[in-house]
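The structure appears below as structure tokens.
The values are calculated or read from the model by the stated rules, or taken from the named source; none is laboratory data. Everything numeric in this text was worked out from a predicted model, so none of it was measured. Here the Cβ is made from the backbone with ideal geometry for all residues, glycine too, and neighbour counts use every protein chain on show.
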Amino acid sequence: MTSAVFPLTVYVLVFITIVFAILLERETDGGKMEDVLDESVSEEDLRKFERRYHDSLAQGTVTHVIQFEYAWCLIRSKYPTDVKRGIFLLEDLSKGENESGKRDCIYYLAIGNAKIKEYSKALGYTKVLLQVEPGNRQVQTLKHTIEKRMEREGLKGMAIIGGAALALGSLIGLGVALARK
Amino acid sequence: MSAGPYNYSYIFKYIIIGDMGVGKSCLLHQFTEKKFMADCPHTIGVEFGTRIIEVAGQKIKLQIWDTAGQERFRAVTRSYYRGAAGALLVYDITRRSTYNHLSSWLSDARNLTNPNTVIFLIGNKSDLEAQRDVTYEEAKQFADENELLFIEASAKTGDNVEDAFLETAKKIYQNIQDGSLDLNAAESGVQHKPLQPGRNQPQNQPNPTKEGCAC
């Protein structure tokens with residue numbers, strides 16, 4: 001009796017998980033552009049600003065502007081190694097910048113960290129900005145976007161763990177059923 | 001409100017450009033949230049907003065890139081121009097300098113977008129009539145000479161804000177209908193998103209007829 005009921009429950013739960021995963025995927029609109037974190041720089045533009053940075057580096061004429069522009073493009077790259085390099089350059093810049101320059105760096109540090117899934121670090125940066133400008137809507141929006149992203153990642157993680165647990169459960173169920181025969 | 005987030009058949013990309021402080025972000029906010037932001041700090045880099053609108057019975061999702069007007073962002077914000085179907089070029093009717101810089105913004109827009117990109121000139125802050133520094137007539141003439149659509153609007157009162165965004169979309173849609181905008185071109189700024197089967201199909205969307213189908 002139990003061996004018949006148990007797998008059935010498992011199948012129902014697996015079904016629910018699949019439906020849940022599909023709904024979750026739909027919520028993300030199939031990966032379409034929904035916010036600033038989805039957007040990426042074109043290869044051509046990244047190369048352009050990279051060349052400018054490296055040329056001025058070779059000549060020892062790197063300005064804050066040149067470094068910031070290159071770092072901003074790196075942050076917008078779809079490759080995590082680029083994003084990490086962008087973070088490194090912005091961290092370096094933010095030490096020596098004036099107030100408005102610092103604000104730019106911190107904003108893009110928040111985006112960069114969110115893109116490589118360092119969510120708590122990213123949220124930390126938005127908090128720094130909101131301490132200075134509590135009413136800044138652009139920063140509030142970014143904070144909300146990061147929180148939504150975190151939640152979504154969390155749900156996805158749960159769905160995967162849940163699915164794995166159910167699969168394991170059904171295997172055990174099957175084992176038990178076979179052993180009883 | 002049956003309009004679910006996926007019930008749209010086109011995506012149009014817009015950019016908003018113009019000098020700093022002309023009210024680009026306030027226009028975007030008024031359009032997406034129907035609210036006026038009184039104390040608006042300078043935009044950092046770019047901002048993004050979306051809204052689904054309806055043109056000729058078709059749901060269209062607008063993806064709007066609002067660029068920072070400050071000079072230090074200009075080099076990188078240029079990289080957002082590519083592939084825009086619509087460009088809203090904004091000046092402030094109470095500050096002549098923002099009007100004088102229009103030709104520089106316009107040449108950027110022309111050089112970096114495709115020839116079919118619809119450019120809409122917006123004279124913002126029309127509520128501040130007493131401080132007007134640019135007449136309607138001269139701006140209208142500038143718009144005509146450069147083949148731009150033109151309207152004066154107020155992000156504060158909301159006056160004509162909807163019109164500017166919607167008229168741009170209508171013009172883009174018209175360009176699609178008469179074939180002057182090639183949807184397959186990589187940088188048209190328009191994505192056609194055929195509705196998935198089982199969703200409410202708009203009545204006026206012609207269904208492809210299957211020829212010689214015996215089923």
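A compact table of results
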| read-out | value |
| --- | --- |
| Any hit, segment A:94-102, residues being within 19 Å of B:Val46 (Cβ to Cβ), surrounded by fewer than 17 Cβ atoms within 10 Å (Cβ to Cβ) and touching a helix residue (DSSP H, G or I) at 6+ places or on another chain (Cβ under 8 Å) | yes |
| Flag if A:Ile161 is over 13 Å from the mean Cα position of the chain (by Cα) and either farther than 29 Å from B:Arg74 by Cα or away from chain B (no Cβ under 12 Å) (or both) | yes |
| Total residues in segment B:152-192, condition of a type in the set (Ser, Thr, Tyr) and more than 14 Å from the chain's Cα centre (by Cα) | 3 |
| Complete set of residues in segment B:28-53 that are in a helix (DSSP H, G or I) and closer than 21 Å to A:Tyr107 by Cβ | B:Leu28, B:His29, B:Thr32, B:Glu33 |
| Close pairs (6 angstrom Cβ cut-off, 6 or more residues apart or separate chains): within 12 Å of another protein chain (Cβ to nearest Cβ) and within 22 Å of B:Leu112 (Cα to Cα) in segment B:13-37, among the acidic types (Asp, Glu) and surrounded by fewer than 17 Cβ atoms within 10 Å (Cβ to Cβ) anywhere | none |
| Residue within segment A:31-42 that is loosely packed, with under 15 Cβ neighbours inside 10 Å, among the acidic types (Asp, Glu) and within 12 Å of chain B (Cβ to nearest Cβ) present | no |
| Test: residue in segment B:84-94 that is crowded, with 24+ Cβ neighbours inside 10 Å, within 12 Å of another protein chain (Cβ to nearest Cβ) and touching a residue at least 24 places away in the same chain (Cβ under 8 Å) | no |
| Criterion: modelled with pLDDT under 95, of a type in the set (S, T, N, Q) and surrounded by fewer than 21 Cβ atoms within 10 Å (Cβ to Cβ) - qualifying residue of B:Asn116, B:Asn111 | B:Asn116 |
| Enumeration of residues in segment A:40-58 that are among the aliphatic types (A, V, I, L, M) and within 10 Å of A:Tyr70 (Cα to Cα) | A:Leu46 |
| From A:Tyr108, A:Tyr125, A:Tyr70, A:Tyr119, residue being surrounded by fewer than 22 Cβ atoms within 10 Å (Cβ to Cβ) and either at positive phi or aromatic (Phe, Trp, Tyr) (or both) | A:Tyr119 |
| Number of the exception - A:Asp55 against (1) in a helix (DSSP H, G or I); (2) under 11 Å from A:Gly112 (Cβ atoms) | (2) |
| Qualifying residues in segment A:59-94 (those that are more than 14 Å from chain B (Cβ to nearest Cβ) and among the hydrophobic types (A, V, I, L, M, F, W, C)) - the one farthest from A:Tyr108 (Cα to Cα) | A:Val62 |
| Failed criterion for A:Glu147 (all others in (1) within 14 Å of another protein chain (Cβ to nearest Cβ); (2) under 23 Å from A:Asp35 (Cβ atoms); (3) among the acidic types (Asp, Glu); (4) surrounded by fewer than 18 Cβ atoms within 10 Å (Cβ to Cβ) hold) | (1) |
| Residues within segment B:26-58 that are out of contact with any helix residue (DSSP H, G or I) (no Cβ under 7 Å at 6 or more places or on another chain) and surrounded by 19 or more Cβ atoms within 10 Å (Cβ to Cβ), tallied | 4 |
| The one condition in (1) over 23 Å from A:Cys73 (Cβ atoms); (2) aliphatic (A, V, I, L, M); (3) facing chain A (nearest Cβ under 10 Å) that B:Ile44 fails to fulfil | (1) |
| Test for B:Thr77: is it hydroxyl-bearing (Ser, Thr, Tyr), within 14 Å of chain A (Cβ to nearest Cβ) and in a helix (DSSP H, G or I) | yes |
| All positions within segment B:113-155 that are in contact (Cβ under 8 Å) with a residue 60 or more places away in the chain, part of a loop (DSSP other than H, G, I, E, B) and under 22 Å from B:Leu28 (Cα atoms) | B:Thr113, B:Thr117, B:Lys125, B:Ala153, B:Ala155 |
